[in-house]
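Following: one structure in structure tokens, then a few remarks.
Quick note: the coordinates plus some simple rules give every number you see, no bench work behind them. Since the model is a prediction, treat every value here as computed from it, not as a measurement. Every residue, glycine as well, gets a Cβ built from its backbone with ideal geometry; the counts of neighbours run over all protein chains shown.
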Amino acid sequence: MAAPMKICRFRSCALYSRIKSKPKHSHLYKHCRHNSTQENWKGVIGLEIHAQINTKSKLFSASSTAFGAPTNTQVSIFDAALPGTLPVLNGECVRAGVKTAIALNSKINKVSKFDRKHYFYADLPQGYQITQQRQPLAVGGEVEYILIDQNNRYVTKTARITQLQLEQDSGRSLHDEEGRQSLIDLNRAGIGLMEIVTEPDFENGIDCSSFVREVQLMMRQLQVCLGSFREGALRVDANISVHKPSEPLGVRSEVKNLGSLKDLRNAVDYEIKRQKSVLKNGGTVINETRTFDSESGKTIPMRDKERLQDYRFMPEPNLPPLYLYNNSTAAQSRDQNTTNIDEEIQNMPPLPRDVRNKLINDYNLSLRNVYVLVNEDKGVTFFNEVMKYSNSPPNFIANFIVNDLLGVFNANDIKIRNSPISPDILAEIVDIKESGYSTVAYCSQLVELYLKQDITERPKTVVDNNGWRQIVDTETLKPVCVKILEENPKLVKKYCKGKEDKALSSLLMKALNETQMKGHPVLMKKIFTELLEEQKQK
Amino acid sequence: MLSLTLREAISKLKDGSLSAAELCEKCVTRAKRVQELNFIVTENFSQSQREAVHSARLWSEYVSGRHNEWRKFGGIPFAIKDNFCTKDIRTTCASHILNNYVPPYTATVVQKLQDAGGVIIGKTNMDEFAMGAGSTDSIFGPVRNPWNYKFSQSGGEQDKTNYWHITGGSSGGSAVAVATGASFGAFGSDTGGSTRNPAAYCGVVGFKSTYGRLSRHGLIPLVNSLDVPGIFAKSVDDASLLFNAVAGHDTRDSTTVTDSMETFTLPDDISVKHLHIGIPKEYHAPGMSPCVLEAWRRAADLFERAGAKVSEVSLPHTQFSILCYSVLCCAEVASNMSRYDGIEYGHRAKNEDSTEELYAATRHEGFNDVVRGRILAGNFFLLKRNYDNFFIKAQKVRRLIAEDFRQVFGGGVDILLTPTTLTEAPTYSWFTEVDNRTRAEEQDVFTQPINLAGVPAITVPASLSQSGLPIGLQFIGPNFHDKEVLTVAKWFEQQTNFKRLDLSHLDKS
């Protein structure tokens, strides 16, 4: 039914008290690993990632999942929970779940089941959510990700996955506080979600956000989730506690619905700080649900009167168990819409980790360059394209993209995937820099130039026409250096007194200015040194 | 004309000796004449008559040879229980909460019936959300059994005493529609006996097929794992015709069996010589009336005399069935009813101070105390602390009950023969002496174990009691042996020659 539903209105105040304080996987916390002997408070965090599955239709109905459609225009009779309607599982959602589970190195359950989780809320038309509580699609697994540690070093780390389950998204409530009414939009109701639950393997905000970033990249690579926080395709809940490494885990709080990596990072760090200070002052942390206010940067307790909510789970009676097959069992399946795990494994695209390893093994790129290239959408593709046209060493190219190009792009809010500079142009600029045909400063100017103007000439021609070639002959440079020395007797004196480095760099700057930044710095430095040493002898 | 069976009516329509328009007209007249039985809650008379006129034209083209296609049920009136969704026809479940609800879609089985040309004369009365065994707990009032009923003279008043008989339930309205001749067949639903019980009390055939054969898409659920669309018919052949017309996999109901089903026609010449008929000893239950016991005994003798092997068998877990049923039923009810919050559709209370208050008022006003009681119990059973002790245990017991049937059928028994009900139809006065729950537990005693096992069963009228009320006997077969169950039932029907209710005298007055 594609016909628009009426927008339902009713006044509400209790709506704001909605709590979904799920009983969390408390048993997991027993397995926490202690790897520090310092007796300082330490954060321990487990995450739940809710990822909207990128399929045309919803998890159990044929209505569209497109983002941004007018309210209540993507609502089937099942989505609106009309009496007598039944769920029909979308095989594409199952395949997306299986792909993700493979990427997470999880153990896929050949038989999984669906359950009903009950709670009353206006944007939950059935009065329950269909999820997989008792026998999820996949259990276990681990993810390797790159993290910038406190000392600004890039390190790799691994986090363990608890489970992956398929479930329905809810609708959305829009609260009109002035008119004291709530409006319900069911377009989102019933979209397939993958909930990825992790073990409590994280220590702080950056740790959490680096992991989520990795999972986000992974899901984008698999095309199972568009992974946009802004459109609500990704939401993260964080279970946070602190303890002293030799002691049992502390009481945790749950911060719900974090809508960006930055919020996740800040919320976790704030919450750790808050809990530490509560404990240091002799207080106790209570098990509660909190929300993050990105404006103040603080977590706030949600009105928690429903904390002891019992979700009254029961098996979903309208869905048979979900069977998955492999090459040896696929023939037994009568259903043509089944998922063959072996086939999915075979068709796996390279995952971010594979891409990183390839860049490291093939080109010996630094971990930082690899991290940045892989994290940038289409970053690796762009790098590989530039590699095709350029004669410079791979790390030189990577450095150029990561430092020079992205510096300019970020300042102008441009993404690599929309780069106005084509890879072959960039390759020529990189080579100009690498060969010394022009100088560092003019190479940056070239990037800016190509970014802002539509230029048909090749970079080399631009350099030639503008006279930006680097001056590399001693005959031209020596007179310049001599002139600078004559004009700056104080610096010469300084040099002679032993402050060689400081004096040299000041002189060099002046000389560069004198040549409109075209002089070869190393060559000029050599000339200066020779001249100054001569003077010193005198 | 109304004494014809569905099969007979079809053959007369096919040879042109009967007009579909006239047939529908007669049914509507009969329905109006017996209106005081309170069996129809939403009439669809004029629409069904329009469709019948159209069908009559198609039939005449067929008869005259201008067309060689024919629709099996072209223009034939059927009645549909008010828990099947029917596009543009109000569907209430006999509850305030859906009093104003008009579905935008039609249930699969009803759609198939309509696709075969069948017309819907009305939606039939029932216990609210099919919770009951009397068809007495409806917002539209109780349904009355046409047997032994003192019909008012035209324009006269309804029987004011409470000594008329109940229809049984919860699909009482559909049973009445078929028994009175107002329709040639009807759909009910059968969760614990809701089709077979009223069929037995009203002297018609009531068939509950194997779970998974008939689509539940569009059937407003009571207990999803037990619900089966039920078929009311004047004869076993008619039930078979209807079953074959609507059975089969439905992509919109994932619990329907995906294997393709071969349609069948029941033979007329049936032998039961090599059959093994089992008589479950646990069904000799206290409270069984002598005439029911007598009918059961006579039927067993009949089979034995015809050469069948008849032996006593045991279904040892039968005694736990009703409790198991209660727990599973309440749990699913609590869950299924949680969608009725007044937001998207249905009744909405005026109290809008907060979402919680709106919900509470809506649901309090919308549901009767039977429904509310089951919701409360079900939520209790599903609480985390009770789940293992109630829900899981009940599921285990359910498995044992299903296993009982498997064992018996695996041990060589072809069909089980039992009474359908303990007694003939009780009076309204007696039935309403105690609460719905007590009555449902005693009424469903022979029928609900069958739902727990998922196996097919049919009730066939066997005889009349001394007071002139019909008595039904039940035939139960193994899963997916729907044809065998129907065949044995048809043989029994042939032997008993039960006289269906004849209300033709009403047409004269």
Cα centroid separation - the stretch A:156-198 against the stretch B:149-207, whole Å
48 Å
Calculate, for residue A:530 and residue A:403, the FRET efficiency according to 1/(1 + (r/R0)^6) with r their C-beta to C-beta distance and R0 35 Å; round to the nearest 0.05.
0.65
Using only Cα atoms, locate the centre of the stretch A:305-375 and the centre of the stretch A:93-115, then give the distance between them in Å, rounded to an integer.
6 Å
What is the distance, in nm, between label points placed 7 Å from the Cα along the Cα-to-Cβ direction at residue B:380 and at residue B:407?
3.2 nm
Expressed as a whole-number percentage, the relative contact order of the stretch A:41-196 with C-alpha contacts under 8 angstrom and at least six residues apart is 28 percent
With at most 14 neighbouring Cβ atoms within 10 Å, loop GluC sites (Glu not before Pro) (DSSP) excluded, longest segment of chain B
B:263-432
Share (percent) of C-alpha pair distances in the stretch B:336-433 greater than 21 Å works out to 64 percent
Quote the charge dipole size of the protein assembly as shown about the Cα centre in Debye, to the nearest 20; the model charges only the Cβ of Lys and Arg (+1) and of Asp and Glu (-1).
1780 debye
Packing rank of A:278-286, B:455-463, where each peptide gets the mean count of other beta carbons within 10 Å, highest leading
B:455-463, A:278-286
Going down the table (A:117/A:262; B:32/B:234; B:12/B:123; A:276/B:384), which pairs top 24 Å between alpha carbons?
A:117/A:262; B:12/B:123; A:276/B:384
Taking 0.36 nm per residue of separation and subtracting the Cα-Cα distance, what length does fully extending residue A:362 through residue A:502 add?
46.4 nm
Taking only DSSP H segments of four or more residues, each worth -39500 (n - 2.57), what value at 222 nm results for the protein assembly as shown once the sum is divided by all its residues, to the nearest 500 deg cm²/dmol?
-11500 deg cm²/dmol
Cα-based Kirkwood hydrodynamic radius, the protein assembly as shown, one decimal, Å:
33.9 Å
Through the Karplus equation 6.51 cos²θ - 1.76 cosθ + 1.60, θ set to phi - 60°, convert the phi angles of the stretch A:323-328 into ³J(HN,Hα) values in whole Hz; use x for Gly and Pro.
9, 10, 10, 10, 4, 7
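So between residue A:107 and residue A:391, what do we pick up on full extension, going 0.36 nm a residue minus the alpha carbon distance?
Extra length available between residue A:107 and residue A:391 comes to 97.8 nm.
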Taking the beta-carbon count within 10 Å as an exposure proxy, list B:409, B:84 from fewest neighbours to most.
B:409, B:84
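With Cβ to Cβ distances under 12 Å as the rule, what net charge do the other residues near residue B:61 carry (K, R +1; D, E -1)?
+2
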How charged is the neighbourhood of residue A:204? Take every other residue with its Cβ under 13 Å from the Cβ of residue A:204, and add Lys/Arg as +1 and Asp/Glu as -1.
-1
At q = 0.06 Å⁻¹, what is the log10 ratio I(q)/I(0) for chain A, with the Debye formula run over Cα points and no solvent?
-0.43
Within chain A, which complete DSSP H helices have Cα atoms spanning at least 15 Å along the helix axis and a mean Kyte-Doolittle hydropathy of 0.0 or higher?
A:91-103, A:205-222, A:379-389, A:423-435, A:440-452, A:474-487
Let me make sure I get this right: for the stretch A:257-411, a, b and c are the square roots of the gyration tensor eigenvalues over alpha carbons, sorted descending. Under 1.5 in a/c it's rounded, otherwise prolate if a/b > b/c, else oblate. Which is it?
oblate
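Quick one: net charge around residue B:275, please, counting Lys, Arg +1 and Asp, Glu -1 for every other residue with C-beta under 10 Å from its C-beta.
0
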Hey, got the average number of other protein chain Cβ atoms within 10 angstrom for residues in A:119-125?
4
Using θ = phi - 60° and Karplus 6.51 cos²θ - 1.76 cosθ + 1.60, couplings along the stretch A:187-195 (whole Hz; Gly, Pro as x)
4, 7, 4, x, 5, x, 10, 9, 9
Within 10 Å of each Cβ of B:331-339, how many other protein chain Cβ atoms are there on average?
6
Range of Cα positions in the stretch A:60-150 per principal axis (Å), largest first:
49, 33, 26
Taking the dipole of chain A about the Cα centre (Lys, Arg +1; Asp, Glu -1; charges at Cβ), the one of A:75, A:351, A:127 that reaches farthest to the positive side is A:127
If amide H atoms are modeled at 1.01 Å from N in the peptide plane, then the residues at a separation of 5 or more from residue A:298, or on another chain, having amide H under 5 Å from its own are A:293
Amide H contacts of residue A:520 (H built 1.01 Å from N, under 5 Å, at least 5 apart or other chain)
A:471
Work out from phi, with θ = phi - 60° and the Karplus expression 6.51 cos²θ - 1.76 cosθ + 1.60, the ³J(HN,Hα) of each residue of the stretch A:177-183, listed in order in whole Hz, and give x for Gly and Pro.
6, 5, x, 6, 9, 10, 10
Mean separation of Cα contacts under 8 Å (6+ apart) over length of chain B, as relative contact order %
17 percent
Once both label points are put 7 Å beyond Cα along the C-beta direction, the residue B:434-residue B:66 separation in nm becomes 6.3 nm
For q values of 0.10, 0.11, 0.12, 0.20 Å⁻¹, compute log₁₀ I(q)/I(0) with the Debye formula on a Cα-only model of the stretch A:418-538, without solvent.
-0.39, -0.46, -0.52, -0.98
Rounded to a whole number of µm²/s, how large is the Stokes-Einstein D of chain B at 37 °C and 0.692 mPa s, given Rh as the Kirkwood radius over C-alpha pairs?
144 µm²/s
In straight Cα distance, which aspartates and glutamates are under 20 Å from residue A:490, not counting same-chain residues fewer than 8 positions off?
A:500, A:501, A:514, A:530, A:533, A:534
Quick one: which residues, 5+ away or cross-chain, put their amide H under 5 Å from the amide H of residue A:128? H built at 1.01 Å from N.
A:119
Kindly work out what percent of the DSSP beta bridges joining two residues of the protein assembly as shown are antiparallel, to the nearest 5.
85 percent
